[in-house]
Amino acid sequence: MAVKLFDSELKVMDVLWKQGDQTAKSISEILKKSIGWNQNTTYTVIKKCIAKGAVERREPNFQCHALIPREEVQKAETEELIGKLFDGSPDLLFASLLGRQELTGAQIEALRQMAAEMERES
């Protein structure tokens with residue numbers, strides 16, 4: 001992903017990923033309820049997303065459409081996190097996740113199953 005999205009822009013994208021195409025007004029109403037943004041703030045952030053090529057504006061009614069899938073953003077953000085905090089090593093990230101006290105047994109088992117599945121596929 002060549003586009004870097006900031007936290008505020010990810011909030012707009014999250015609405016579009018969860019709800020599908022929405023008008024700017026609808027996005028504004030959703031974000032007002034969930035995080036207290038006013039309409040001007042939401043419209044400003046939507047326009048930034050449009051300028052970055054993450055959102056497409058369609059008419060009528062300032063309809064917004066996500067151009068970047070959630071999975072693409074998740075992959076890019078994960079790669080950035082691994083690069084910044086784990087010296088580019090996915091296994092250090094994985095070890096960090098496994099070493100967290102907050103993980104439940106079910107979550108640890110799910111991580112083990114994902115690792116086993118990846119091993120079978122490679």
**Fill in**
Of the listed pairs 33/84; 11/52; 25/75; 32/84; 33/75; 32/75, those with alpha carbons more than 23 Å apart are 33/84; 25/75; 32/84; 33/75; 32/75
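Dipole magnitude of the stretch 24-122 about its Cα centre, charges +1 at Lys/Arg Cβ and -1 at Asp/Glu Cβ only, in debye to the nearest 20?
780 debye
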**Request:** Under a cut-off of 19 Å between alpha-carbon atoms, report the aspartates and glutamates in cross-link reach of residue 47, not counting same-chain residues fewer than 8 places apart.
**Result:** 7, 9, 14, 21, 29, 56, 59
**Request:** Could you tell me whether the stretch 73-122 comes out rounded, prolate or oblate from its Cα gyration tensor? Rule is a ≥ b ≥ c as square roots of the eigenvalues, rounded for a/c under 1.5, then prolate if a/b exceeds b/c, otherwise oblate.
**Result:** oblate
**Asked** Once Lys and Arg get +1 and Asp and Glu get -1 on their Cβ, which of 95, 62, 8 lies farthest toward the positive end of the dipole of the chain?
**Response** 62
**Asked** So how far, in whole Å, is the C-alpha centre of the stretch 1-56 from the one of the stretch 62-109?
**Response** 21 Å
**Message:** If you roll a 1.4 angstrom probe over the protein chains with everything in place, what fraction of the accessible area of the chain belongs to carbon and sulfur, to the nearest %?
**Reply:** 53 percent
**Item:** All-pairs alpha carbon distance profile, the chain, 5 Å steps from 0, percent
**Value:** 2, 10, 17, 16, 14, 12, 11, 11, 6, 2, 0
**Complete:** Nearest 10, in degrees from 0 to 90: the angle of helix 24-35 to the longest Cα principal axis of the chain is 50 degrees
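The values are calculated or read from the model by the stated rules, or taken from the named source; none is laboratory data. This one's a predicted model, so the numbers in the text were calculated from it and none came from an experiment. We place every Cβ from the backbone using ideal geometry, glycine too, and count neighbours over all the protein chains shown. For the accessible areas, the whole protein counts, side chains as well, though only heavy atoms, and no ligand, DNA or RNA atoms are used. Shrake-Rupley method; radii C 1.70, N 1.55, O 1.52, S 1.80 Å.
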